[in-house]
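Encoded as C-alpha cells, the structure appears first; notes follow it.
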Amino acid sequence: MSEIRMVDLVGQYQEIKEELREAFDSILDNASFINGSEVKDFAKEFEEYLGVKHVIPCANGTDALQIALMALNLAPGSEVICPSFTFVATAEVISLLGLKPVFVDVNPDTFNLDLESVEASISRDTKVIIPVHLYGLPVDMEPLLQLAKEKGLKIVEDTAQGIGADIQIDGSYRKVGTIGDIGCTSFFPSKNLGAYGDGGAIMTNDDQLADKMRKIVNHGMEKRYYHELVGVNSRLDTLQAAVLRIKLRKLDTYNSNRNSAAEFYTEAFSQVEELICPTIPSDRKHVFHQYTLRVKNGKRDALKQYMDDLGIPAMVYYPVPLHEQQPYRRERISPHGLPVTRTLKDEVISLPMHTELTASHLNEITQAVIKFFN
Ligand SMILES: *Cc1c(COP(=O)(O)O)cnc(C)c1O
C-alpha cells in the first residue's frame, strides 16, 4: 500500500503530467514568464467558475488580503474584526497596515466566526469584518451581510481554505469569496486549488474596487511609469497560471473526492462517543480543505501521539490562537471573551485529507483512531 500523506500532490501530478508539460513547454519556448497570456486566461476562467465580475491574480493569499485592505482607504488605527482561530496571515496584514485587529470567538460546531461575538465587538472605529471560511466550510454569510450593512462595515472574505465552496444567499447558491465586498484566496500548493509555488487572487463584483486593486498589485500604476497611488509588486507567474488553468477544470472533482473521504471518516467515527465530527449545515457545501475532529475529555494530545507512533500523519490547526501569539497579545478581543477558541485549540485534530486517498488508506486511518478509543 502507498504511504499515507497529509497532502498528496505527487499522486495528483501523475494525472495531469502530460497536459502540464505541454503548457510549460509553450511558456518556456516563448519565455513569457511574467504576464503571459495564461494569466489573463486563468483570471477569466476563474471569474466564470466563481460567478464574479473581477478576479485579480496576485502573488499569494497574504498579499491578496493586504491589497484588499489597502483598497478600502482605512484611516490608521481603524479596527478590523477577525477570528482568533485562524492562520496568522489573516491578522498579519491588518497590523502591517497600521490597523488594529480585534479578535472574536468562533462557533463550536462550524469553527467559524460567531455572529454574537462579532456584534459585541463592534466599536466606533470598526470598519471591516474578515470572515474566514475555515477548513473549507462557508461562514454563515447572510446575517453577517445584514450586520455589516446596518453598521456600515465592509466585508473581506478570507477564502484561502474554501475555494469552490458555496452557500445559499437569498435562496440561490453563491461561491464563497464572491459574497462580501472583496474575497481573497491562496493558491499555495496544498490548498484546494493549488499552484506549484505561491499564488493568490482577489475577487470582487465592485468595478471601482477592482480598478483600484489592479493598480495596487502593479506598483499603483495603469499607464507605465505613471504612479497614481502607493502599490506593491504582486503578480501570479505565467507558469503558475498554467498549472491553475489545468487544475481549475478538475476543482469540482477534487472537492468531491475530498467530500467522499470526509463521508467515510464521519461514517466510521459515528460510534466513537469521544469524537465530534464536522457538521455541514444544510444551506452550504463544504470543500474539506481539512477534515477536523474535536476530541473530548482531554485526549487530543494522546491521540496525536498514538498516530505519530503509528506513522499516520495528523495535524493540529492551530495549536495557539492568534490572540495568544506574541505580536497580538495586547490587541482587543471580544468583550465576551474567547471561550470557544480556548477550548478548540486543545480539542482539534485534522486527519489526512487530499484528492488521492484510497479506501485502504481511509480504512487504516479510521481503524487506528477507533482502536485508540477502544
Ligand atoms: C493559506 C492561508 C492564507 C495565506 O495564503 P498564502 O498564499 O500562504 O499567503 C491566509 N489565510 C488562511 C486562512 C490560509 O489558510
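One table, with the values for the structure above:
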item	result
Residue match in the stretch 224-235 (condition: closer than 29 Å to ASP140 by Cα, hydrophobic (A, V, I, L, M, F, W, C) and touching a residue at least 24 places away in the same chain (Cβ under 8 Å))	no
Every residue from the stretch 75-87 that is closer than 22 Å to THR178 by Cβ and surrounded by fewer than 21 Cβ atoms within 10 Å (Cβ to Cβ)	PHE87
Unmet criterion (only one of (1) within 10 Å of the ligand (Cβ to nearest atom); (2) in contact with a strand residue (DSSP E or B) (Cβ under 8 Å, 6 or more places away or on another chain)) for SER190	(2)
Helices (runs of 4 or more DSSP H) lying entirely in the stretch 54-139 (those with 1 or more residues that are within 13 Å of the ligand (Cβ to nearest atom) and in the same structural domain as THR279 (by TED's automatic domain parsing))	none
Qualifying positions in the stretch 133-156 - farther than 19 Å from HIS336 by Cβ and touching a residue at least 40 places away in the same chain (Cβ under 8 Å)	HIS133, LEU134, TYR135, GLY136, LEU137, PRO138, LYS154, VAL156
The stretch 351-374, residues that are of a type in the set (D, E, K, R), in contact (Cβ under 8 Å) with a residue 24 or more places away in the chain and farther than 11 Å from ASP8 by Cα	GLU364
Options ALA43, ALA68, ALA59, ALA89; residue that is in contact with a Cys (Cβ under 6 Å, 6 or more places away or on another chain), touching a residue at least 40 places away in the same chain (Cβ under 8 Å) and closer than 26 Å to HIS219 by Cα	ALA68
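The values are calculated or read from the model by the stated rules, or taken from the named source; none is laboratory data. Predicted model, so just to flag it, every value in this text is computed and none were measured. Heads up, the Cβs are rebuilt from the backbone with ideal geometry, glycines too, and the neighbour counts pull from every protein chain shown.
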